[in-house]
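Note sheet for the following structure.
The values are calculated or read from the model by the stated rules, or taken from the named source; none is laboratory data. Keep in mind that what you see is a predicted model, and the values were worked out from it rather than measured. Counting neighbours? That spans all protein chains shown, and the Cβs are built from the backbone with ideal geometry, glycine included. Only protein heavy atoms, including side chains, enter the accessible area calculation; ligands, DNA and RNA are left aside. Shrake-Rupley method; radii C 1.70, N 1.55, O 1.52, S 1.80 Å.
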Amino acid sequence: MSHSELHADVTDSATGETVTIQTEHGLYVDPKALSAHLPALSYRDDALYMEQVSVDELAKQYGTPCYVYSKQAILDVYQAYTDSFASLDHQVCYAVKANSNLAVLGVLVQAGAGFDIVSRGELMRVLAAGGAASRVVFSGVGKTYGDIEYALTQGIGCFNVESISELTLINEVAAALNKRAPISLRVNPNVDAKTHPYISTGLKDNKFGITHEDALAVYQQAADLSHIDIVGIDCHIGSQLTEVAPFVAALDKVIELIHSLRDHGIELRHIDLGGGLGVRYIDETPVSIDEFAEALLPKLSELGLTVFFEPGRSIVANAGVLLTQVDVLKPTEHKNFAIVDAAMNDLIRPALYQAEMAVIPSTLPSDGIDTNGTKPWDIVGAICETGDFLAKDRLLSLEAGAVLAVTGAGAYGFTMSSNYNSRPRASEVMVSGNNHQLIRKRETVEALYADEILWQDK
Ligand code: LLP
């Protein structure tokens with residue numbers, strides 16, 4: 001790319017208005033303009049900071065790859081949910097799957113959050129972080145006898161039930177324990193969430209929930225079961241929703257059902273609207289929590305029920321970054337590859353969902369954009385798969401040894417990481433003001449095979 005081509009493209013980015021510039025060569029994400037949209041991050045002079053801590057310092061102290069989370073950013077979004085719905089009795093049940101580190105859960109326990117879980121393991125994490133089972137809702141399509149038994153013994157707040165067979169199993173386990181199980185039915189409202197097909201859950205072709213048409217009959221069945229307490233109704237239509245209309249459409253369908261349940265003598269205590277509010281990764285413009293509340297509040301306040309939400313991504317995504325170091329630069333005739341020390345095992349979202357996440361340098365060239373050195377780079381890991389990339393065709397000026405931050409990585413980053421290629425999982429760090437603490441040690445390779453057993457010929 002010629003100097004003038006790039007220069008012409010980026011002249012207005014300094015205002016902070018133009019976050020990205022798509023050229024025929026690739027995507028330029030303006031680091032300063034992007035960070036202006038991410039509350040935990042800022043450039044001071046030309047160095048990237050999370051809260052009051054330099055990202056380069058963090059990379060030096062904790063090594064890379066490393067996930068770093070801002071405590072304040074997590075709390076601010078949690079607070080935004082509770083403030084926006086303050087006029088109603090409500091409970092924000094953070095979706096643990098987005099980021100289940102005990103420190104993250106502990107911060108949310110302290111703030112008063114409830115939790116949405118999908119496994120016994122997630123419930124154990126919530127309890128280990130000091131949370132109360134009574135403030136936990138248990139979602140998921142495949143709960144086992146053991147999961148249900150454990151949750152009931154701990155005093156789970158509610159099971160979000162997804163099928164008749166699950167309902168009868170819960171009744172059976174509750175009878176064996178001589179308890180009554182609190183339940184909601186997860187209704188599938190057949191609403192298009194307009195999101196990536198892998199994370200769309202509210203369509204009739206998806207495996208989730210009980211169809212809107214069958215829900216009344218299943219509630220009536222539940223009402224006849226000896227050890228079931230009907231407490232609510234639930235729906236979740238998908239993740240990374242950027243518009244409010246699908247939420248409203250789903251709510252309208254659920255409200256219809258609530259009225260028909262009332263007509264049949266079935267009274268509920270809560271309505272659970274699931275999770276799903278999207279975030280800005282690069283230049284998406286998702287509806288704000290305030291706008292979300294504004295659209296839903298009038299309908300919700302007429303119901304007289306407690307309102308539950310299960311947000312995951314929106315609470316933690318932009319509180320977190322994945323720090324990674326450039327190990328090798330490999331420019332070729334057709335493509336330039338920057339091989340970094342994080343890979344698809346650390347962050348699978350780009351490979352799995354074609355997710356576009358921003359990659360910004362920890363240190364900017366002091367005289368603004370480096371027009372001579374900037375080239376389109378594929379930011380890739382060292383794993384033996386062509387699908388192993390964190391970002392493609394990004395206009396960056398890179399040197400080996402540079403530290404990069406993948407932003408928006410606080411949600412579905414570490415929790416979806418794996419040990420593929422026998423790579424130890426990254427460390428995790430939390431930042432608060434000037435303080436920072438290791439909240440998960442980097443795994444050792446020895447730990448990866450410590451539970452494996454060599455075959456013995458007999
Ligand atoms: N409640 C239920 C029942 C869910 O299935 C989910 C997410 C949530 C709440 C939280 O939704 P959120 O507020 O985070 O959108 N791994 C994917 C996202 C999968 C979401 C699955 N369910 C990704 O990285 O985009």
Taking the range 107-245 and dividing mean pair separation by its residue count, relative contact order in percent (alpha carbons under 8 Å, at least six apart): 21
On the accessible surface of the range 140-309, probed at 1.4 Å with all protein chains in place, carbon and sulfur together account for a percent value of 49
Over all alpha-carbon pairs of the range 171-252, lay out the pair-distance distribution in 5 Å bins, whole %, shortest bin first. 3, 16, 21, 19, 14, 11, 9, 5, 1
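For a 30 Å ceiling on Cα separation, which of these pairs sit above it: Lys375/Lys441; Lys179/Lys253; Lys60/Lys375? Could the numbers behind the result be given before it?
Working: Lys375/Lys441 35 Å; Lys179/Lys253 32 Å; Lys60/Lys375 26 Å.
Exceeds cut-off: Lys375/Lys441; Lys179/Lys253.
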Treating each Cα of the range 140-309 as an identical point scatterer and ignoring solvent, apply the Debye formula and state log10 I(q)/I(0) at q = 0.16 Å⁻¹. -0.93
Just the number: Rg to Rh for the chain, Cα atoms, Kirkwood Rh, two decimals. 1.01
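Quote the relative contact order of the chain in percent (integer), defining contacts as alpha-carbon pairs under 8 Å separated by 6+ residues.
Computed value for the chain: 19 percent relative contact order.
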Packing-based order for 391-398, 272-279, using average beta carbon neighbours within 10 Å, highest first: 272-279, 391-398
Treating only Lys and Arg (+1) and Asp and Glu (-1) as charged, each at its beta carbon, one finds that the chain has a dipole about its Cα centre, in Debye to the nearest 20, of 1120
Defining a contact as two alpha carbons under 8 Å apart and six or more residues distant in sequence, what relative contact order in percent does the range 254-332 show? 38
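Ratio to report: Rg/Rh of the range 369-458, with Cα atoms as the point set and Rh obtained by the Kirkwood method; give two decimals.
Working: Rg = 18.1 Å, Rh = 16.7 Å.
Rg/Rh: 1.08.
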Quick one: accessible area per residue over the chain, 1.4 Å probe, rounded to a whole number of Å²? 43
Restricting to aspartates and glutamates and to Cα separations under 17 Å from Lys32, and discarding same-chain partners fewer than 8 apart, the set is Asp9, Asp12, Glu17, Asp45, Asp46, Glu51, Asp56, Asp283, Glu284, Asp367, Asp370
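Which percent, nearest 5, of DSSP beta bridges in the chain are antiparallel?
Numbers: 38 of 76 bridges.
Given both bridge residues lie in the chain, the antiparallel proportion sits at roughly 50 percent.
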Quickly rank 311-323, 344-356, 254-266 as a protection proxy: mean count of other C-beta atoms within 10 Å, highest first. 311-323, 344-356, 254-266
